[in-house]
Amino acid sequence: MLHIHFTEADLARTRLASEPDPLWEIALSLHRLQTQQGRSAHAEWYRTTRVRLADEGLEGVLRHLLLPLFPRSAYFPDFLTPPEGAEGLTAGLAAMVDTPADRVRREVARFRSVGAPQWAARLAERGTRQDLAGALRRYHEVAVAPYRERAMARVEADRSVRGRTLLAGGVDGLLGGLGPQMRWEAPVLHVHYPAEERDLRLGGRGLVLVPSYFCWGPPIALADSALPPVLVYPLLRETRPAATGRPLGALLG
């Protein structure tokens, strides 16, 4: 469970992002490829994306680089989803490449505790991060960008619901209506979280609520509480028919 502690200043500075963050969408779409969870809701995306990945020759990049770097586990490095991603893919990738090497080493050391790939230590090298940025851009073009219009339509519908809640009940009402994975007991937002018990004290910084088309299940926050606080949450959505076709194993080998 994640316990997010608000002050009055935090309530005043809490806001809804206007659109998904492309780097978080990359990470969470990679999670959708690793699990059956949410498969029915993303059945059409799953079918078409695995074909596109094969057609673009990205199977090796997916298998050896991206899936190991974004495991569906309790942790992957925070520097992979910098706040600059809110300004667009190019800005987010540039910030990822520019991450200080000392910070990368610290986060990779933590990553090792949950099964980081052996090559992860090379991420401290700027050239390796530049290569990673290129791979992430290619993956985004194939797996995320084709669904931007659909994602934005869902985001706008979600924001409309959240906006009405905000107008009717203020930020207190907004936080109280975020969904079954979150429980608002002022001044603390309790978030069901696939990790140990932890507290995030906002300390006047506020919280950015980031909607995600590919998030499924519990919301996600950065592991380092010193970083600008964000909470990535799943959109309101309908259940879709179950997926059919080749399993992901046929693509990944």
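The values are calculated or read from the model by the stated rules, or taken from the named source; none is laboratory data. Source: prediction; values computed, not measured. Note that each Cβ is placed from the backbone with ideal geometry, even for glycine, and that neighbours are counted across all protein chains shown. Keep in mind that these areas ignore ligands, DNA and RNA; they rest on the heavy atoms of the full protein, side chains included. Shrake-Rupley method; radii C 1.70, N 1.55, O 1.52, S 1.80 Å.
Among Pro100, Pro82, Pro20, the residue with the largest mean-square fluctuation in a Gaussian network model of the chain, with springs joining Cα atoms closer than 10 Å, is Pro100. In summary, the chain shows an alpha-carbon radius of gyration equal to 1.00 times the 2.2 N^0.38 Å reference for compact globular proteins.
Note on Met182: accessible area is roughly 20 Å² with a 1.4 Å probe, heavy atoms of protein only.
Using a 10 angstrom cutoff on alpha carbons, build the Gaussian network for the chain and name the most mobile of Ser29, Ser212, Ser160. Answer for the Gaussian network model of the chain: Ser160. Placing dummy labels 7 Å off each Cα toward the beta-carbon, the span from Glu8 to Ala74 is 3.8 nm.
Overall size of region 115-191 from C-alpha positions, given as principal axis extents largest first: 50, 31, 19 Å. Judged by the gyration tensor of its Cα atoms, with axes a ≥ b ≥ c, region 46-126 is oblate; a/c meets the 1.5 cut and b/c is at least as large as a/b. Within the chain, the longest segment free of exposed loop sites, counting GluC sites (Glu not before Pro) that fall outside DSSP classes H, G, I, E and B and have at most 16 other Cβ atoms within 10 Å, spans 126-195.
What does the charge add up to near Leu93, with Lys and Arg as +1, Asp and Glu as -1, over the other residues with Cβ less than 14 Å from its Cβ? Don't jump to the answer; show the numbers that get you there.
Values: positive: Arg126, Arg129, Arg137, Arg138; negative: Asp21, Glu25, Glu84, Glu87, Asp98, Asp131, Glu141.
My count for the surroundings of Leu93 gives -3.
Nearest 5 percent is fine: what portion of the DSSP beta bridges confined to the chain is antiparallel?
Here the antiparallel bridges make up roughly 50 percent for the chain.
Please give the solvent-accessible surface of Trp24 in Å², to the nearest 10, using a probe radius of 1.4 Å with every protein chain present. Its accessible surface works out to 10 Å², give or take rounding. A Cβ-based charge dipole, computed about the Cα centre of region 63-190 with Lys and Arg at +1 and Asp and Glu at -1, lands at about 400 debye.
May I ask you to give the percent of accessible area on the chain that is carbon plus sulfur, with a probe radius of 1.4 Å? That fraction is 52 percent.
Here the dipole of the chain is about 560 debye; that uses its Cα centre as origin and unit charges on the Cβ of Lys and Arg (positive) and Asp and Glu (negative). Remark: region 1-137 carries a charge dipole of roughly 540 debye about the Cα centre, counting +1 on each Lys and Arg Cβ and -1 on each Asp and Glu Cβ. Taking the charge dipole of region 1-135 about its Cα centre, with +1 at Lys and Arg Cβ atoms and -1 at Asp and Glu Cβ atoms, the residue from Leu58, Thr81, Pro68 reaching farthest to the positive side is Pro68.
Modelled spin-label separation between Ala186 and Arg150, with each label point placed 7 Å from Cα along the Cα-to-Cβ direction: 4.0 nm. Modelled this way, with points 7 Å down the Cα-to-C-beta line, the labels at Ala109 and Thr48 are 4.5 nm from one another. Sorting Asp102, Asp224 by solvent-accessible area of protein heavy atoms yields Asp102, Asp224, largest first, with a 1.4 Å probe.
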